[in-house]
Structure formats: C-alpha cells, structure tokens
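Working notes for the structure below.
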Amino acid sequence: MTFEPATPTSVRYPELTIQIARQHPDVRGAYRVELSFTRPGTSAPTEPDAGQAMFDTARLNEVLNDVDEYGARLTQALFADPGIQSSFETAYALAAADQLPLRLRLQIDAGAPELHELRWETVRDLHGSSLATSEQILLSRYLRSPDWRSVRLQPESQLRALVMIASPTGLDQYSPEGAALQPLDVPGELERATQALGEIAVTSLASHGAARLDALTRELRRGYDVVYLVCHGALVNGHPRLYLENEIGNVAGVNGSELIQELAQLRQLPSLVVLASCESAGSGASGALAAIGPLLARVGVPSVLAMQGKVSVQTAQAFMEQFFVELRRDGQLDRAVAVARAEVKARPDAWMPVLFTRLSSGRLWSTPTEISDSRFRPWDALLNHIEAGQCTPVLGPGLIEFLLGSPREVANRWADRYRFPMAPQDRQDLPQVAQFLAVELEDPGFPRTELRKYLQEEMRERYGDQLPEHLRGAQLDVLVHEVWKQRREHDPMEPHHVLASLPLPIYLSTNPVDILATALSAVDKKPRVELCCWNDEIEWSSARGREDRPDEQRPLVYHLFGQMMRPESLVLTEDDYFDYLIGVTKRADLIPPPVVRAWNENVLLFLGFPVDSWSFRVLFRSIMNQEGRARGRKKPHVAVQIDPAEGGSVDPLRARQYLERYFQGEHVNIYWGSTEEFIRELWMRWQQRSGSASSVGAPLVGATS
C-alpha cells in the first residue's frame, strides 16, 4: 500500500505515541511502555495501553555491526509484552484502513536519557519490515521541553537558513575515537547544503575562522529558521564534543553543553537544526551529533535532525537532498524524513538519520488552512472600503516582534530575572508578570520604566553591529526607526510600509513604539500622532487637533495603549487593562470624534494580535462598549486573520465560531495565515485592482498573530 503525501488541507494523521520511562529505579533495564492512539477527527487519544520492557544494552552492543540483528533484538525487547504488540498492530491497521501514514512518536522520558543511545531507527514491525524506512510510518523521537516559548511558524517563502561548516586547521592532530580526524571538503559541503536547501535563502559561515561558536550565536540573533551545521564530533568521556574553529581557523573544541548554554540565551531559536556530517563525525554507539539532539530540544529548539553514527558521504548526500525536496512539498518534517530514509533504504547506514522534535503538528512552516468555513472570501469588499477610505487598521504587537520580540518573550525574561512565583504557563503572560513586579517592588511605575530599559538593551544587543557607529548609543526611538528603515530597504512589502501606502485616514495602534508615523512620512504623508487619554496622568494637550478631520494625506495615528516616550500612558499591568477598560467607557468624550466614527462605522483591520491576549480581549470589549456599536444592522461585519503558531489555535472553524460569539453575533471572516502573508496578498490584490468599486458588503477585519 502507498500513501500520498500530506497536503495543507489534510486535517491530521493518525498518531501513535509510545512513551518509555523507567519502571523501577533499582531494577536495571526495566522500563514501563505506554501506547496511546489518536485517530483523525477526534480530540483525545484512546485509553493508553501499558506494559513492561527490558532493554539489555550489553546484549544489543554485541551486534553493533550487524544492523539487522540489532534491529531484531531491539524490536523483540520493545514488543515483548503481548498487550503492547496488540496495541501497535491495532493502530497500524486503523491507519491503513484510513489510507493514511501512521505518525509514530517515540517519547523517551527525561528520566531515562540512556535510552536515546539505542538505535531506535533500526526497529522493525512485527512482520520484520523496517519502520524507519517505510513511508507508511512517520517515525520521530518526540521530546518534551520545559521551555514555554511558543513556536513561530513562518511562511515557506520567508524561511532563512544558516549553514556553518567547520574544517579547522590541525584536525589530524586529534584522534578522539582512535582515528585521526580528516579535513572536510568545505566547498563541496557548502554546495551540497545549498543545493539541498533549494530556494530557502542561505547565509554561510564556512571555515577560515568563520565557523566559531560566538559567530554562530551572534548570527543567530538575526533570526534564522534552519541551521545546517557540518562539523566533526565525538563522545569524550560520555559527553558530546564538537570541533569548531577559533579566530585564526585552528581547532576549537566545544563541549555540547557550551553550545546548549549559548543557544538557550537566544531570544529566537531556529525551528530546525540539522547536524549533518559524515564518516568520522560520529562514534560507534550513538554519535556526538545525535547526543546533542535531545539537549537542543530540551532548551527549546523545536526540531533537530542528526546523524547517530558514521554515516557515509553517499548516504548523507542522498538523504539530505531528498529530505529537503519532500519538506518543500508540505513542510511536514516526519513525512520528509520517512521519504528520505526510504530513498536510501538499500544502504546499510539508512537508519542513522534521526529526527528529534517537540512539534505537535510536525510542520516546519505555516500553510493557509483551506477549510470551507475559514477561507477569507471578502477581498473585493475589503478593497472597496480601502479605496473609499472606510478601512481602519488596528496594529497589534505581532507587527513589531522583529524589533523587540513578543510580549511572551519579555514576560519570560522578567519572570526569570525577578523569580516569578506563579504557575509555569503564567510566565508568558506579560500583564500578569508586570503586575507581580508592580506589587512585589511596591512601585506601580516600575514595570513601565523597566520595559523601556529592557527594550533598549534588546535593540542594542540584536542590532548593534548593523547600526552606524554614531547611533549605537542612541535612545530607543532612534534605534527603532533606524532598524525599521533598514528592514524596509530589504523588504518592499514590510507591513508598516504597505499600510502607510494605502489611502487611509486613520490608523489605530496598541504598540508602545511608533513605526507607522515614520512609514507614513516615508511616503510623503503628514501624520498626526495622538494618545488615548485613558487615565488622569495623560495630559489633555496630548490630543491636539481633536476636531480636525484626518484624510489620506494627513492621517491620524491614534495610540490606544500609550507610547514609550510617555510612560504614564502605557497599558502594561493587569490593573492597567482594567483601568483602561473603565476609563474609555466612562471618559468616552475624551476619544476624538474621528476615532469614534472609525470604529463605529469603518471596516476594522486587526493585525498582529494573539487571539487569547489581554490586548485583544480588552480592546474589543472597549469597542463593543461604545454606544455607536449598538446600532443594530449598521454594525460592520467581522473578518479575523489568525496566525498559526505551534501550541496555539490550530482549528480555524472553532476559532471562527468563538470569535463570532465574542463579537456578539456579527459575521466573521477568517484569514488563516501569518500577518506577513495577509499583507503580501492584500498588496498584490490592491496593485492588481482595476479601480472600479463593487457593491459588496463590508467586512470588519481582524488579525491575530
């Protein structure tokens, strides 16, 4: 039986998770095995089936050089319990009945790290066929991570790869596993990596002193989705060690723990790390590169593809090329690995590639989910209202993540620094963490002051080497505007620039920095910036020109949640959000009439809001509480763009139903994709527009990220 590859419209694969944990600490080799199966269309797994297994490492090591015998012995140990056998056969049969591959996740408990040294990719099914080289089985090692950062899935067109190849001078003086290390073919390795990555944009750090640990971490701060590392490695005293370079190109031995510590400090981690090397890069038992895989996953790297032995050049090259060819089809990592293993299954080292992942969806990038009730249809209506100046964008934090990171990342950093005592999942909630700081330090203004300090440090750390010398010590607003200008030069469809280029009179923002005014000025418009007077500390004079009616050439940028240059205006803590909601309800007369008219009558285009965030909920509630929103059928329609992120909303139909209820019965249209995808499609359609307007009903457009 053969299976077609997944498409973006596929709902799910049938999933079988095999969890293995130590049974008794005092009984060597005894483990508990638990199987749970989830079929497509169901939201919960079946009742788990549990059994026991004994993994005798010494007996397995006797046949390390006989792949077939090793696989047979490991299979016998894994399926020794009749209940485990039966559960596996049932899951396999159900997947076959659905004509879908079975997604098989091997989840090794953190308390049994020794099991990662076993060659699980040699396991057979109960009929003797290899699981790892069958396209009917999508095998990966599924890992839990204490890292609470959500995984951001970029569109395929925006993926960036960093290729690092280390072949330092003096390798032949090192014999960590009994044989001298040999130089790598750097040009050949770089060509093979670039060819395998296909159309993904590549930056390289290729030898001659470039392949250093500090160079790697510094470059990763610029943001990459794929890291492709080619180097020698070995297990030294049971610990992985990599042979990178120093400043002059000589050998610099780097412990795996050093690499992990450096990556753990990064604000943004790559989605996929490929540890690709061959011949002398691994050891007989497990390989240094494979040993690093679980460590990378533990610190938050979503997926790692590594070699767990001395893989041949021919196998590595054929596998990698096929892997990336398949990956570009649908972004499904485990499916691409299965097909690539099948490509090299005739080779004796076909089992060596191993995929470690914590991605529940198995996807490397986002793809618009084309479900009939969730496709975004009202493009013509939206363009009509933009043309008429009756569309009002509302900007959320997702639009400035490239500059400052997400609010969740800020919350995590503060939670670590100030020893936040609440539940782990609350560490990502910036209003809650900020509220803790205000109470703990007995200073309500401290979170606002700390936010400016934190953001300024973050900007200098991330972009210091990109800034002109005279700007490296500049204040936050100067840094923000300079970095945005550089980004705009490299991306003609940067969201702020696209929005500024549209013929719109009013923009609403919840962000603490004002890039939009800079973008408007860059297209020869004269923006007016005002702050929402939601508390008594914000001076009335900040809202100058309140009766002036904005237009396309003199647009109004209205900051709902304040600006960094006016700390007292920021909406940051939980109390701030409650006070904001009360303030704009009781002090509605302080909101400029053009803004009131805009959110009562215009199409609202929400961009960059996490659907479950305080900013999203409080902002919508404040709009719904406005008197003009209760004018029955005059209310505009609602269309919400949702940015899929691993661990976030993954069901567009349920998201649509939830938002319809949230918007009190108004019709909701959802664009399922990233803000960047939405902006690019919007701009493409706007440029193609003939200029004639049609009489299609108005959508109220919202976007989350």
query = Which residue, of Leu556, Leu516, is surrounded by 15 or more Cβ atoms within 10 Å (Cβ to Cβ), touching a residue at least 60 places away in the same chain (Cβ under 8 Å), in the same structural domain as Glu676 (by TED's automatic domain parsing) and in contact with a strand residue (DSSP E or B) (Cβ under 8 Å, 6 or more places away or on another chain)?
reply = Leu516
ask   = What number of residues within the range 162-205 satisfy the criterion of being more than 20 Å from Glu262 (Cα to Cα), within 31 Å of the chain's Cα centre (by Cα) and hydrophobic (A, V, I, L, M, F, W, C)?
value = 8
ask   = Residues in the range 334-353: is at least one crowded, with 24+ Cβ neighbours inside 10 Å, under 30 Å from Glu409 (Cα atoms), at pLDDT 85 or above and touching a Pro at 6+ places or on another chain (Cβ under 7 Å)?
value = no
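How many of the residues in the range 216-238 are without any contact (Cβ under 8 Å) to a residue 40 or more places away in the chain and not polar (S, T, N, Q)?
Number satisfying all stated conditions: 1.
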request  = Considering each of Gly545, Gly628, Gly632 in turn, give the residue that is modelled with pLDDT under 85, exposed (fewer than 14 other Cβ atoms within 10 Å of the Cβ) and in contact with an Asp or Glu (Cβ under 9 Å, 6 or more places away or on another chain).
outcome  = Gly545
Test for Arg241: is it modelled with pLDDT of 90 or more, of a type outside the set (Ser, Thr, Tyr), buried (at least 16 other Cβ atoms within 10 Å of the Cβ) and over 20 Å from Ser271 (Cα atoms) = no
ask   = What is the number of the single condition among (1) without any contact (Cβ under 8 Å) to a residue 40 or more places away in the chain; (2) out of contact with any Gly (no Cβ under 7 Å at 6 or more places or on another chain) that Leu508 does not meet?
value = (1)
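Looking only at the range 501-537, count every residue that is under 20 Å from Asp576 (Cβ atoms), part of a strand (DSSP E or B) and touching a Ser or Thr at 6+ places or on another chain (Cβ under 8 Å) and tell me the total.
The number of residues fulfilling the criteria is 3.
Look through Arg417, Arg413 and report the one residue that is exposed (fewer than 15 other Cβ atoms within 10 Å of the Cβ) and under 24 Å from the mean Cα position of the chain (by Cα).
Exactly one of Arg417, Arg413 is exposed (fewer than 15 other Cβ atoms within 10 Å of the Cβ) and under 24 Å from the mean Cα position of the chain (by Cα), namely Arg417.
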task = Kindly list the number of the only condition in (1) crowded, with 16+ Cβ neighbours inside 10 Å; (2) of a type outside the set (D, E, K, R); (3) at pLDDT below 80; (4) more than 14 Å from Glu574 (Cα to Cα) that fails for Gln428.
result = (4)
query = Just for the range 185-210: of the residues that are surrounded by fewer than 21 Cβ atoms within 10 Å (Cβ to Cβ) and among the acidic types (Asp, Glu), which one is nearest to Phe324 (Cα to Cα)?
reply = Glu199
ask   = Could we say that Gln182 is in a loop (DSSP other than H, G, I, E, B), surrounded by fewer than 16 Cβ atoms within 10 Å (Cβ to Cβ) and in contact (Cβ under 8 Å) with a residue 40 or more places away in the chain here?
value = yes
message = Please pick out the residue among Glu457, Glu489, Glu442 that is charged (D, E, K, R) and either within 29 Å of Val595 (Cα to Cα) or in a loop (DSSP other than H, G, I, E, B) (or both).
response = Glu442
ask   = Would you say Arg452 is in contact with a helix residue (DSSP H, G or I) (Cβ under 7 Å, 6 or more places away or on another chain) and modelled with pLDDT under 85?
value = no
key: Test result for Ala297, closer than 17 Å to Leu106 by Cα and either in the same structural domain as Val63 (by TED's automatic domain parsing) or at pLDDT below 80 (or both)   = yes
request  = Might you let me know whether the range 576-585 holds any residue that is at pLDDT 85 or above, out of contact with any Ser or Thr (no Cβ under 8 Å at 6 or more places or on another chain), in the same structural domain as Leu531 (by TED's automatic domain parsing) and hydrophobic (A, V, I, L, M, F, W, C)?
outcome  = yes
Residue that is nearest to the chain's Cα centre (by Cα) [pool: residues in the range 104-133 that are polar (S, T, N, Q) and either surrounded by 20 or more Cβ atoms within 10 Å (Cβ to Cβ) or part of a strand (DSSP E or B) (or both)] = Gln107
query = Consider Arg141 against the criteria (1) modelled with pLDDT of 85 or more; (2) within 30 Å of Asn250 (Cα to Cα); (3) in contact with a helix residue (DSSP H, G or I) (Cβ under 8 Å, 6 or more places away or on another chain); (4) not in a helix (DSSP H, G or I): it satisfies all of them except one. Which criterion is unmet?
reply = (2)
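Residues are listed down the side, and each one gets a yes or a no for (1) of a type in the set (A, V, I, L, M); (2) more than 25 Å from Glu574 (Cβ to Cβ); (3) modelled with pLDDT of 90 or more:
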| residue | (1), (2), (3) |
| --- | --- |
| Thr369 | no, yes, no |
| Ala388 | yes, yes, yes |
| Leu399 | yes, no, no |
| Ala411 | yes, no, no |
| Tyr418 | no, no, no |
| Gln432 | no, no, yes |
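The values are calculated or read from the model by the stated rules, or taken from the named source; none is laboratory data. From a predicted model like this one, the values you see are computed outputs, not experimental measurements. We place every Cβ from the backbone using ideal geometry, glycine too, and count neighbours over all the protein chains shown.
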